[in-house]
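Remarks on the structure that follows.
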Amino acid sequence: MTAKNRKEAEPVFCQVAALRYAKVLNELGISKEAVQEAGNIFEKSQELKAALVNPVITKETKHNIIDKVFSEEMRTFLKVVCDHEKMTIAEQIFAAYEELQNQAAGVKTVYLRYTVLPSEEQKKGMESFLCRKYGAKRAYIEMKKDDSLIGGFILRVGNDE
């Protein structure tokens, strides 16, 4: 996902299937760059998503589309996802893969909903607290303004708020 879209995104609560596919993707040893590129392509093209999830389009046609659009590294994996009719969760797979990569690097992803944008000092304080609490090397905070809040903020880490 692009940095802009990650910051605007809601927390991703991955389905079990998306997490399983992400683990397989991680174990296949496909480069992180190839996975990110595929995620960016998929994110940017509504037509591509529509074609790959359309039950009327044949498997062979979908495979041809994958061959033309994605890098060679990603093709086999995406064809398997397509064959198992899981393209509807492709973006969740890419998000789960990114989260697995972050976990391996000691980075904790945190979601902050706020009424007033926190200062740099407040963000640094939150990061420091989160790193201590969760034993992370670094905390990545995805922020989103939430006008439905009366005041303050909500910080979500996994199932903790």
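Taking 25 °C and 0.890 mPa s as the conditions, I'd like the Stokes-Einstein D for region 12-100 in µm²/s, using the Kirkwood hydrodynamic radius from alpha carbon pairs. Answer, rounded: 191 µm²/s.
Within the chain, DSSP assigns beta bridges of which about 40% are antiparallel (rounded to the nearest 5). Computed from point charges on the beta carbon alone (+1 for Lys and Arg, -1 for Asp and Glu), the dipole magnitude for region 53-161 about its Cα centre is near 240 Debye. When you restrict to C-alpha pairs under 8 Å that are six or more residues apart and normalise by the size of region 1-151, the relative contact order lands at 30 percent.
Summed over qualifying helices (DSSP H, 4 residues or more, each -39500 (n - 2.57)) and divided by its residue number, the chain shows a 222 nm mean residue ellipticity of -17500 deg cm²/dmol. What does the charge count around residue 114 come to, taking other residues whose C-beta lies under 9 Å from its C-beta (Lys +1, Arg +1, Asp -1, Glu -1)? Computed value for this residue: +2. Recomputing Cα extents along the principal axes in Å from the coordinates shown identifies the correct label among [x] 53, 33, 24; [y] 39, 38, 33; [z] 71, 33, 19 as [x]. Need the C-alpha centroid separation for region 78-93 versus region 102-123, integer Å. Here the answer is 30 Å between Cα centres. Taking every C-alpha pair closer than 8 Å and separated by at least 6 residues, the mean separation divided by the residue count of region 29-109 gives a relative contact order of 35 percent. Shape call for region 90-143 from the C-alpha gyration tensor, a ≥ b ≥ c root eigenvalues: rounded (a/c under 1.5), prolate (a/b greater than b/c) or oblate? Note, shape of region 90-143 comes out oblate. Placing unit charges on the Cβ atoms of the charged side chains and taking the dipole of the chain about its Cα centre, the candidate lying farthest along the positive direction among 159, 126, 111 is 126. Checking the cross-link pairs 86/133; 79/137; 32/123; 68/137; 68/145; 23/59 against a 30 Å limit on the alpha carbon distance flags 86/133; 79/137; 68/137; 68/145 as lying beyond it.
Bear in mind these aren't lab numbers, they're just calculated from the coordinates by the rules spelled out. Because the structure is predicted, anything quoted here is derived from the model rather than measured. So basically every Cβ, Gly included, is an ideal-geometry build from the backbone, and we count neighbours across all protein chains shown.
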